[in-house]
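The values are calculated or read from the model by the stated rules, or taken from the named source; none is laboratory data. Please read these numbers as outputs of a predicted model, since none were measured by experiment. Cβ: placed from backbone, ideal geometry, glycine included. Neighbour counts: every protein chain shown.
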Amino acid sequence: MIRTPLSRRGALRLIGTASASLALPSCVQSAVGVGVPSARPDAAALLDQIAWNLLELGPENATALGLDSGEHSRLRHRLSDKSPDGVAQLAEALRGDLASVRALHGDDPDPAVQTSLDVVESAYATALEGLALPYGEVAVGGWRNTPYVVIQNVGAYLDLPRFLDSSHPVRSADDAEAYCDRLDQMAEQLDDETARVASAEALGLIPPDFLLKRTIEQMERALADMRSGNGGMLASSLARRTATIPGGWETRSRAIVRDSIRPALERQLALMKRHLQLATSDPGIGSRPLGEEWYAWGLRAATTTSLTPAEVHARGKEELAETQARMEPILRSLGYSQGTIGERMAALAKDTRYRFPDNDAGRAEIIAFIRERIAWIKQQMPRAFLRLAPGNVEVRRLPLAEEPGAPSAYGGAGSLDGSIPGRMWINLHTTDLHRKYDLPTLVHHEAIPGHVWQGEYTHTMPLIRSILAFNPYSEGWALYAEQLGDELGAYDAFPAGQLGYLQNQGWRAARLVLDTGLHAMGWSREHANQWFQREVGLSPAETINEIHRYCSWPGQACGYKVGHSEIIRLRESARRALGDTFDLRTFNQAIVDGGNVPLDVLSEIVERYVAAAQRG
């Protein structure tokens, strides 16, 4: 297998930051019986202040984490500032806090604190590089970086209805007032995004026509919902939850939607329609102004390595071939011996034993299937971890307006206090997106022991560590969680299920090829789709959704397999070093207790875990 050396904080090196020695976090050391000194108050205080500085600029995150109460209750009444001035304010705050972290770096003897400082340094430096680019939306310590501020899977028109309905609590009149305050600000956020899209247009940035068509369809669907008699989802969500709270909330929310939000979204829609008249079908960011520079940054941010597009492309082809070699004998044992791996998996997908009815009964069956698999995998966790996370997860269907442009599913941990559960969001636009042989793997990826499970471990860390995340760790862990499901016996009596798992692994290797092909090598959307179906065999509905996703989030899809391969490399290195004393539970615990980190930091965490285990 190709192994390209990881960068030493590649993003940091680009702006002249010296690397520093890292250490295993205290929670990992305690798992192997090694104590550490307590954190110095100034370092702990700085990390806490940095977290609150970021939450002040992104109050939606404070709500999602359940932190917008008490002295911070005003945050529940606010939305983040999406204007150019708001972006500039964010960059200024990041620069100031980054300087504070660098001034303290290396002063604290607590290795856990040093790791947290390194995490902030890497996330903030990478975000500042992205914010220095002339267009795009940059996620600070997140995965959703995009050159397009508004597109089929990005923008307030999608994000805010889902957020207000699922994350903004309404338990009192003040909560309802805060909801209305946020509704009042939604039009401004939409207009601010529209202004930034227009500024990017002035630089020559126009999204691909096929993405714009999806975006326009979804906006028109959202507007149709707002024009309905109940004011649509934004108003009906509040009305439903204030049935016993006096205050005329339904009337107020309908008026805000009618008089403020609808006109703002209509203005945004008009801009999207104008862009469609100017758009081409070129899918990649590389064909757009400063696209090569944007993709170089996007790939670094998505992988936390210095891998080039050519290296990522080659790695993807090699790892896909390895996975297909494992699938071959299973397919033959089930009677599928003719055609490419993808063609045979496509044939398997037509087997009625593995399909769900494409109606509401089928959708209900999918939800029930997922809940049963969550219950099963949760029971296996004592075999894989020393210290169990709560596993507090709820299965929810994606909002209807979001489904056509969304991936098949996604998930994440809930609030710090557990009042908001982790969520596995499932796309049920059509049940053809799902099969009984691939849903278990989806559960392991999105819920347990994937995103929800891993995210819950960060709740015991300094607050900033619950906010910042790194794509190759988050998604690499989720792919590793899929592998754990297989290793824990999910498919022992279900060969088709193991094929579903391997298909998902191959799909993530294929992403390395597809993403770089589309953005750096001039692939057309049609060529990418044909190659995808031939090599992987997902349903046509899913392959086109996936390709559209890669086009709107350049680089992001590459983090999955790069991160997974690094975790496996580190596990095998630890196994060789520890021999018969290697314990899968302590290794897994070290990975999740170390927290969400760049890949070079993860490597040092494992090195220290191995050294501590060798000392006994």
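The residues in segment 48-76 that are over 19 Å from D417 (Cβ atoms) and modelled with pLDDT under 95 can be counted, and the count is 0. With the structure loaded, tell me whether F532 is buried (at least 22 other Cβ atoms within 10 Å of the Cβ) and aromatic (F, W, Y) or whether it fails that test. Judged against the criteria, F532 is a match. Given the criteria under 26 Å from G130 (Cα atoms), aliphatic (A, V, I, L, M) and in contact with a Phe, Trp or Tyr (Cβ under 9 Å, 6 or more places away or on another chain), does A279 qualify? When the stated conditions are applied, A279 passes them. Those helices (runs of 4 or more DSSP H) of segment 274-365 in which 2 or more residues are touching a residue at least 12 places away in the same chain (Cβ under 8 Å) and under 25 Å from D209 (Cβ atoms) occupy 291-303. Taking segment 378-402 as the range and being without any contact (Cβ under 8 Å) to a residue 60 or more places away in the chain, more than 12 Å from P449 (Cα to Cα) and touching a Leu at 6+ places or on another chain (Cβ under 7 Å) as the test, only R397 passes.
Going through segment 227-285 one residue at a time, which ones are on the phi > 0 side of the Ramachandran plot and buried (at least 18 other Cβ atoms within 10 Å of the Cβ)? Those that are on the phi > 0 side of the Ramachandran plot and buried (at least 18 other Cβ atoms within 10 Å of the Cβ): G231, G232.
Table: residues versus (1) more than 16 Å from A302 (Cβ to Cβ); (2) small (G, A, S); (3) touching a residue at least 12 places away in the same chain (Cβ under 8 Å).
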residue: E535; (1), (2), (3): yes, no, yes
residue: P540; (1), (2), (3): yes, no, no
residue: G555; (1), (2), (3): no, yes, yes
residue: G563; (1), (2), (3): no, yes, yes
residue: I568; (1), (2), (3): yes, no, yes
residue: F587; (1), (2), (3): yes, no, yes
residue: G594; (1), (2), (3): yes, yes, yes
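Taking the criterion of being surrounded by fewer than 14 Cβ atoms within 10 Å (Cβ to Cβ) and among the charged types (D, E, K, R), the residues of segment 60-94 that qualify are E71, R74, D85, E92.
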